[in-house]
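The values are calculated or read from the model by the stated rules, or taken from the named source; none is laboratory data. Everything numeric in this text was worked out from a predicted model, so none of it was measured. Ideal geometry is used to build each Cβ from the backbone, glycine not excepted, and the neighbour counts take in all protein chains shown. When the accessible area is computed, the model is the full protein with side chains, heavy atoms only, and any ligands, DNA or RNA have been set aside. Shrake-Rupley method; radii C 1.70, N 1.55, O 1.52, S 1.80 Å.
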Amino acid sequence: MRVSPDSAAIGVEGLWKIFGPKAAKVLACDDRFLEPAALREKTGCTAAVRDVSFDVRPGEVFVVMGLSGSGKSTLVRCLTRLVEPTAGRVVIGGEDVGAATPARLRELRRHHVSMVFQHFGLLPHRRVIDNVAYGLEVQGRPRAERHARAAEILSLVGLDGHADAFPDQLSGGMQQRVGLARALAVDPQVMLFDEPFSALDPLIRRDMQAEVIRLHREVGKTMVFITHDLSEALKLGERIAIMRAGSIVQLGTPEELVGAPADDYVADFVRDVPRSHVLSLRWISRPPEPGEPLDGPELPASTVIKDAIAAASESSRPIRVVDGDELVGVVDRVDLLTFLSGQDTGDTVTAA
């Protein structure tokens, strides 16, 4: 259920971005609904973002995922008008970004929204502490104040002892930590990440994903994370929007995407995901049968299925699946074995 854009951390309604000389004309007619190749052939325009609407809740990690050319990076740039939308409405912290004057837009970018890009964009001739403090310098903060804040954030991201180093003396993962620190230093309401880890080695990338999770837990910022990697999306996202050809084809929790893909396109994305690692007991619980014992182990409905296997193996009684004090249903060994044996078939699971 969507909340009002004005009460969300970020609210997006009917957002379009059409590149080309006839963008306004295309938007005003039915040509905008043509498939990408047909639209380019007929009009010379590209609809990078097509009628996108969503909201991001305060403190949420919201992931936008899609293949190259799906429109995800254009979408995130439209949020702060780094790319000017063709039509639609974007509201950040209750403020209509589209109505902002150039001066107000600069204020918004300096104080309320920070971006972390794939390419770190660090200033090579400046020390790490000055790179982290750069946004505060732009704001006009005194040197002592901005260095004190930068040192505090460097400690938060695990870079104690590196304040006086230069960027080329750091590894790629450490440079990205500097980028994270720079974004956090201005204490933004919202952080936007545009595929920040895609150029990193796999092990460093995994460490940086864990770092984002830790930082979110500690500072609680609203985060929008752009990625083309499904495992990254499932690891980070409280909700995930999957884009294709400029449109959102499904928006939901990781469980909803894996357990109930909206169409074949989403199903192909999640086909190789071990569902027992994502879906919870809520998805496979069932009503107790008449006379079935209800004195077995009790687990929350949010328990991931793979984590329930040990409890099921230790008791002959069905697991009681609960949501608070409410009995949601039961799951026994047969239910678990049936689910696990069906994982390789690609069958869709229906939530109870």
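When segment 245-291 is filtered for residues that are under 16 Å from the mean Cα position of the chain (by Cα) and charged (D, E, K, R), the ones remaining, listed by number, are GLU255, GLU256. One residue alone among VAL49, VAL91, VAL116 is in contact with a helix residue (DSSP H, G or I) (Cβ under 8 Å, 6 or more places away or on another chain), within 30 Å of ASP201 (Cβ to Cβ) and not polar (S, T, N, Q), and that residue is VAL116. If you go through segment 228-249 and keep only what is assigned to a helix (DSSP H, G or I) and either of a type in the set (D, E, K, R) or under 15 Å from ASP55 (Cβ atoms) (or both), you end up with GLU232, LYS235.
Looking across VAL56, VAL97, VAL90, one residue alone is modelled with pLDDT of 90 or more, within 21 Å of GLN250 (Cα to Cα), touching a Leu at 6+ places or on another chain (Cβ under 9 Å) and open to solvent by less than 20 Å² (accessible area, probe 1.4 Å). It is VAL90. For segment 267-316, the candidate set comprises residues that are open to solvent by 50 Å² or more (accessible area, probe 1.4 Å), among the small types (Gly, Ala, Ser) and outside any helix (DSSP H, G or I); within that set, the residue that is nearest to ILE240 (Cα to Cα) is SER302. Looking only at segment 134-157, which residues are under 17 Å from LEU215 (Cβ atoms), of a type in the set (A, V, I, L, M), modelled with pLDDT under 90 and in a helix (DSSP H, G or I)? Answer for segment 134-157, where residues must be under 17 Å from LEU215 (Cβ atoms), of a type in the set (A, V, I, L, M), modelled with pLDDT under 90 and in a helix (DSSP H, G or I): just LEU156.
I'd like the full set of residues that are surrounded by fewer than 16 Cβ atoms within 10 Å (Cβ to Cβ) and either within 22 Å of GLY93 (Cα to Cα) or within 14 Å of the chain's Cα centre (by Cα) (or both), limited to segment 163-209. The one that is surrounded by fewer than 16 Cβ atoms within 10 Å (Cβ to Cβ) and either within 22 Å of GLY93 (Cα to Cα) or within 14 Å of the chain's Cα centre (by Cα) (or both): ASP187.
Being in a helix (DSSP H, G or I) and open to solvent by 10 Å² or more (accessible area, probe 1.4 Å) holds for only one residue in ARG81, ARG110, and it is ARG110.
Looking across segment 262-300, the residues that are closer than 24 Å to ARG333 by Cβ and of a type in the set (Gly, Ala, Ser) come down to SER276, SER280, SER285, GLY291, GLY296. Residues in segment 148-161 that are surrounded by fewer than 18 Cβ atoms within 10 Å (Cβ to Cβ) and not aliphatic (A, V, I, L, M): GLU152, SER155, GLY158, ASP160, GLY161.
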